[in-house]
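First the structure, in the form of structure tokens, and then the observations on it.
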């Protein structure tokens with residue numbers, strides 16, 4: 001089986017404190033062009049590197065990771081850059097697109113819907129975090145995207161599955177409590193929707209690795225429904 005190509009749209013892999021053990025590449029938008037980026041390391045612990053670690057740590061040998069810088073550290077990203085990077089994921093033949101970023105603005109709905117439709121028509125799986133405000137978020141709230149939130153009810157409830165969520169979330173799982181840095185020390189993580197989404201992406205990779213075949217979005221949703229601790233009709 002060929003390596004699974006994952007596109008991660010976040011704030012990059014800049015952390016020199018977190019080891020990303022799979023084959024990986026990085027891109028950023030410069031003068032309206034998506035360009036390859038090299039030697040982008042700094043003594044920080046950034047959001048994108050944390051998500052990359054969560055996604056890849058179980059199956060690094062089967063993954064090619066393509067990181068797209070949408071946010072610069074704590075700053076909000078630009079919707080135009082997000083759109084450019086989403087279109088670029090088509091050109092690299094991504095299998096899964098993971099988004100920690102999105103928009104809660106209705107004015108961005110149409111443009112994001114157009115590119116997500118173009119992506120999913122090609123069989124690419126899109127997994128996206130709902131805003132931490134737990135409101136409608138694009139593209140996470142789209143019906144052809146697996147929208148994820150953190151399970152605030154705790155690990156005892158396991159997976160929460162939503163049939164018809166008003167904000168478009170499909171699945172809630174407990175976001176990871178920690179990851180390990182390059183020295184083997186635990187980095188404690190806050191509970192948040194984007195880390196929960198990274199865990200779901202990791203779980204989908206585990207599913208693909210065991211089956212040695214790809215899944216459709218409906219098959220992935222059925223898996224979570226069957227394994228849910230609680231199923232909500234609303």
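Would you mind stating whether residue 49 is touching a residue at least 12 places away in the same chain (Cβ under 8 Å), within 28 Å of residue 207 (Cα to Cα), buried (at least 18 other Cβ atoms within 10 Å of the Cβ) and touching a strand residue (DSSP E or B) at 6+ places or on another chain (Cβ under 8 Å)?
Working: touching a residue at least 12 places away in the same chain (Cβ under 8 Å): yes; within 28 Å of residue 207 (Cα to Cα): yes; buried (at least 18 other Cβ atoms within 10 Å of the Cβ): yes; touching a strand residue (DSSP E or B) at 6+ places or on another chain (Cβ under 8 Å): yes.
Yes: the conditions hold for residue 49.
Right, residue 116: within 20 Å of residue 131 (Cβ to Cβ) and without any contact (Cβ under 8 Å) to a residue 40 or more places away in the chain or not? Answer is yes for this residue.
If you go through region 10-46 and pick out every residue that is in a strand (DSSP E or B), out of contact with any helix residue (DSSP H, G or I) (no Cβ under 6 Å at 6 or more places or on another chain) and under 25 Å from residue 119 (Cβ atoms), you end up with 10. Residues in region 15-46 that are under 19 Å from the mean Cα position of the chain (by Cα), in contact (Cβ under 8 Å) with a residue 60 or more places away in the chain and over 26 Å from residue 83 (Cβ atoms): 18, 19, 45.
Would it be correct to say that residue 222 is under 18 Å from the mean Cα position of the chain (by Cα), within 22 Å of residue 97 (Cα to Cα) and assigned to a helix (DSSP H, G or I)? Judged against the criteria, residue 222 is not a match. Could you tell me whether region 197-207 includes any residue that is more than 17 Å from the chain's Cα centre (by Cα) and either closer than 19 Å to residue 98 by Cβ or not in a loop (DSSP other than H, G, I, E, B) (or both)? No; the residues of region 197-207 include none that is more than 17 Å from the chain's Cα centre (by Cα) and either closer than 19 Å to residue 98 by Cβ or not in a loop (DSSP other than H, G, I, E, B) (or both).
Here, each number is a calculation from the coordinates, and none is a lab measurement. Fair warning: this is a prediction, and the values are worked out from it, not measured in the lab. Every residue, glycine among them, receives a Cβ derived from its backbone with ideal geometry; neighbour counts consider all protein chains shown.
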